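*Asks:* Pasting in a structure now, in structure tokens, and then I'll have a few things to ask.
Quick note: the coordinates plus some simple rules give every number you see, no bench work behind them. What you see is a predicted model, and the numbers here were worked out from it, not measured in a lab. Neighbour counts run over all protein chains shown; Cβ positions are idealised from the backbone, glycine included.
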Amino acid sequence: MILVQGKGVSTSVAIGPLYFYQRAKSTITRYEIENADAEWERFKAAQAKAIEQLGELAEKARVEAGDEAALLFETHQMMAEDMEYEEAIQTAIQETKINAEAAVTDTAAQFAEMFASMDDPYFQARAADVKDVSNRIIAALTGAVQGGIDSAVPVILAADDLAPSETVQLDKSKILGFITEGGSGSSHTAILARTMGIPAIIGVGDQLKPEYAGKEVIIDGSTGSVTIDADEDTRTMLLRKLEDQKKMREMLEQLKGQPNVSKDGQSVKVFCNIGGPDDVPAVLANDAGGVGLFRSEFLYLNCDDFPSEDVQFEAYKKVLSDMGGKEVVIRTLDIGADKQIGYFNMPKEENPALGNRALRICLNRPEIFHTQLRALFRASAFGKLGIMFPMVTSVWEVREAKKMCDRVKTELTKEGIPFSEDVEIGIMIETPAAVLMSDRLAKEVNFFSCGTNDLTQYTLACDRQNADLGRFYDPHHPAVLRALKMVCDNAHKNGVWVGICGELGADLALTETFLSIGIDELSVSPRSVLPLRQKIREINVAAVKDKVLADLLSDETPL
């Protein structure tokens with residue numbers, strides 16, 4: 001039996017084979033070949049595999065986001081078997097005697113340069129497409145795994161850490177739990193694990209050895225333990241814990257259909273955070289009241305070029321339609337900092353967390369923002385929509401964003417395209433500036449949603465992605481909780497409701513505090529809905545409020 005200790009960031013137990021994430025190689029080996037015919041057959045086999053993969057992605061996209069989204073992958077299929085593209089690769093293999101990987105690389109560069117030099121923006125955009133298609137063929141040639149997992153059965157996935165773009169492409173049906181060398185409790189891997197309701201353990205360092213691959217591993221997200229080839233007693237104990245968790249879930253099922261109301265009658269909305277249309281079934285299955293945070297950047301992370309208005313519209317429409325009239329709050333594009341996308345061509349920044357990100361990008365590049373807002377307002381005709389702007393620091397930013405909304409509504413009216421006039425406009429409170437300006441910002445919007453991950457980071461000047469900072473990144477810090485109270489007070493004075501969409505919303509140790517300071521909505525991962533409902537129904541807010549507020553505002557600093 002081998003024991004490895006890390007930090008659990010998403011509770012529960014999982015058992016399965018250990019699988020190391022397979023990241024595609026960024027460089028290829030170039031060499032001279034002897035048998036050109038055999039090398040051409042290698043290319044044709046890889047091409048067929050890539051076309052098959054693209055077909056599967058097209059069907060998945062059609063189900064999740066509509067025909068327009070599927071069209072991207074179907075276009076890539078046609079490009080992969082384009083006659084001129086094939087002939088250029090065949091010529092490189094047979095005449096210059098280079099291996100297929102090198103031939104595809106050279107042809108991709110040649111075609112991309114040709115497209116990029118054209119005057120027509122449509123053909124210029126095809127440069128990125130030909131690179132993506134070629135990379136997929138090269139991956140098939142080299143044995144690299146698209147999406148990082150090549151397993152017939154679900155696995156415990158181990159990795160150094162995963163970038164947002166990598167988590168988006170994972171086959172979620174193949175993952176039982178996560179283990180990462182580094183990372184933090186607010187990393188995208190941890191957030192994904194909580195959304196999926198599976199255990200995650202971070203910070204194991206180099207304790208996992210390559211020779212452990214395929215061995216049975218049991219991970220316990222509540223303790224941070226990783227047990228490889230467990231002895232019989234340990235295995236029995238952990239499996240009993242897993243069974244107890246299943247029974248607890250069955251007990252919580254009885255809370256479906258019950259209101260989120262405290263013992264003394266204080267009502268709180270319990271919504272869900274999601275990353276895309278495929279998360280909606282989990283929202284409905286766990287009886288959430290709506291979606292409090294739809295991270296729209298998944299559309300951008302999952303594309304090789306800017307998603308069109310129609311692609312975005314189909315995705316937003318699907319979520320709103322599937323939610324059946326329940327409220328859906330969609331956050332506008334939030335990239336930058338730790339979420340970088342190559343085709344945005346953003347310059348390298350020394351401190352990207354304080355740089356050009358989120359709403360700043362949208363206001364600096366209004367053509368991107370305009371496309372997204374058109375898609376959002378068009379989708380509003382199919383459900384109850386709220387639009388939320390991230391990374392706000394000033395009143396003028398909100399006013400500029402609202403002007404863009406008004407411009408889009410005017411355009412749609414002139415074009416005869418239907419949209420809802422009842423779309424709520426809100427902002428994320430995730431900077432100290434937004435907290436301090438919340439009295440004035442409340443006069444501009446319908447709601448606030450507190451992003452406690454970034455609010456903690458910026459309030460404490462503590463990088464949320466830096467695992468070495470450990471206890472210094474403290475979401476329970478009195479400064480963070482006092483900031484939330486100030487936001488609530490200023491919002492309610494102006495008739496604005498306040499939610500929490502950060503990870504802190506599911507922290508049951510703070511539910512009493514949130515109800516006492518007046519939080520109106522908590523948006524959490526789908527699996528957190530029923531435990532949170534149970535906690536809310538156990539609290540008598542009137543009985544604890546005075547003490548909670550006294551402790552919050554006390555001059556004494558807790559150890």
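*Asks:* Using 0.36 nm per residue, how much length does the chain from Thr29 to Asp171 gain when fully extended, once their Cα-Cα distance is taken away?
*Replies:* Once the chain is fully extended between Thr29 and Asp171, it gains 48.3 nm.
*Asks:* Applying 1/(1 + (r/R0)^6) with R0 = 41 Å to the Cβ-Cβ distance of Lys246 and Arg482, what FRET efficiency is obtained, to the nearest 0.05?
*Replies:* Using R0 = 41 Å, I get an efficiency of 0.55.
*Asks:* Cβ under 15 Å from Trp396's Cβ, Trp396 left aside: what net charge do those residues give with Lys, Arg +1 and Asp, Glu -1?
*Replies:* +3
*Asks:* What base-10 log of the normalised intensity I(q)/I(0) is obtained for the stretch 256-552 from the Debye formula, alpha carbons as equal point scatterers, at q = 0.08, 0.09 Å⁻¹?
*Replies:* The Cα Debye sum returns log10 ratios of -0.33, -0.42.
*Asks:* While we're here: Restricting attention to the stretch 389-478, which trypsin sites (Lys or Arg not before Pro) occupy a DSSP loop and are surrounded by at most 15 other Cβ atoms within 10 Å?
*Replies:* Here the trypsin sites (Lys or Arg not before Pro) that fit, given the DSSP loop and packing criteria, are Lys443.
*Asks:* 5 Å is the cut-off here: which amide hydrogens, built 1.01 Å from N in the peptide plane, fall below it relative to Ile500, excluding neighbours closer than 5 in sequence?
*Replies:* Result for Ile500 returns Cys450, Glu521, Leu522, Ser523.
*Asks:* For the pairs Lys172/Lys246; Lys403/Lys443; Lys209/Lys246, flag any whose C-alpha to C-alpha distance is greater than 25 Å.
*Replies:* Details: Lys172/Lys246 20 Å; Lys403/Lys443 15 Å; Lys209/Lys246 31 Å.
Lys209/Lys246, as the Cα separations exceed 25 Å there.
*Asks:* When the helix-only estimate is applied to the chain (DSSP H runs of n ≥ 4, each -39,500 (n - 2.57), divided by the residue count), what is the mean residue ellipticity at 222 nm, nearest 500 deg cm²/dmol?
*Replies:* Calculated at 222 nm, the ellipticity per residue is -14500 deg cm²/dmol.
*Asks:* What residues qualify as long-range amide H neighbours of Glu327, i.e. H under 5 Å apart, gap of 5 or more or another chain, H built at 1.01 Å from N?
*Replies:* It is Val291, by chain and number.
*Asks:* Mind checking the dipole of the chain: about its Cα centre, +1 per Lys or Arg Cβ, -1 per Asp or Glu Cβ, Debye to the nearest 20?
*Replies:* 2200 debye
*Asks:* With r as the distance between the Cβ atoms of Lys60 and Lys414 and R0 = 35 Å, compute the FRET efficiency 1/(1 + (r/R0)^6) and round to 0.05. List each step's numbers first, then the result.
*Replies:* Working: r = 36 Å, r/R0 = 1.03.
Approximately 0.45, to the nearest 0.05.
*Asks:* What are the ³J(HN,Hα) couplings of the stretch 496-506, residue after residue, when phi is run through the Karplus curve with 6.51, -1.76, 1.60 and θ = phi - 60°? Round to Hz, x for glycine and proline.
*Replies:* Once rounded to whole Hz, the list reads 10, 8, 10, x, 10, 10, x, 4, 5, x, 8.
*Asks:* A further question follows. Which percent of Cα-Cα pairs in the stretch 36-142 sits in each 10 Å bin, short to long?
*Replies:* Reading upward from the zero bin: 16, 44, 30, 9, 1.
*Asks:* Compare the Cα positions of Ala80, Thr107, Ala140 along the charge dipole of the stretch 36-142 (+1 at Cβ of Lys, Arg; -1 at Cβ of Asp, Glu; about the Cα centre) and return the one farthest towards the positive end.
*Replies:* Sorting the options by dipole projection puts first Ala140.
*Asks:* Would you mind computing, in nm to one decimal, how far apart the modelled labels at Asp206 and Met118 are, each placed 7 Å from Cα along Cα→Cβ?
*Replies:* It works out to 4.9 nm between the two label points.
*Asks:* Please list, ordered by chain and number, the residues whose modelled amide H lies under 5 Å from the amide H of Asn260; skip anything fewer than 5 residues away on the same chain.
*Replies:* Counting only residues 5 or more places away or on other chains, the set is Val268.
*Asks:* Taking only the alpha-carbon positions of the chain and ignoring solvent, what does the Debye formula give for the base-10 log of I(q)/I(0) at q = 0.09, 0.12 Å⁻¹?
*Replies:* -0.74, -1.26
*Asks:* Provide the net charge surrounding Lys384, with neighbours chosen by a C-beta distance below 9 Å and charges set as Lys +1, Arg +1, Asp -1, Glu -1.
*Replies:* Summing Lys and Arg as +1 and Asp and Glu as -1 gives -2.
*Asks:* With label points built 7 Å along Cα→Cβ from the Cα atoms of Arg360 and Asp305, find their separation and express it in nm.
*Replies:* Calculated label separation equals 2.9 nm.
*Asks:* So, one more: What longest range of the chain stays clear of loop-exposed GluC sites (Glu not before Pro) (DSSP non-H/G/I/E/B, at most 14 other C-beta within 10 angstrom)?
*Replies:* It runs 82-348.
*Asks:* I would also like to ask the following. Rank Asn286, Ile387, Gln266 by how far each Cα sits towards the positive end of the charge dipole of the chain (+1 on Lys, Arg Cβ; -1 on Asp, Glu Cβ) and give me just the farthest.
*Replies:* Gln266
*Asks:* What distance in nm lies between label points placed 7 Å from Cα along the C-beta direction at Gln110 and Leu436?
*Replies:* Each label point lies 7 Å from its Cα, and together they span 6.0 nm.
*Asks:* Rounded to the nearest 0.05, what FRET efficiency do Lys348 and Ser267 have when you use their Cβ-Cβ distance and R0 = 45 Å?
*Replies:* Working: r = 48 Å, r/R0 = 1.06.
So, using R0 = 45 Å, E works out to roughly 0.40.
*Asks:* Identify all lysines with a Cα-Cα distance to Lys49 below 19 Å; exclude those on the same chain that are fewer than 8 residues away in sequence.
*Replies:* Within the straight-line cut-off, Lys49 pairs with Lys25, Lys60, Lys131.
*Asks:* Once each part is reduced to its C-alpha centroid, what is the distance from the stretch 296-373 to the stretch 381-443 in angstrom?
*Replies:* When both Cα centres are located, 15 Å separates them.
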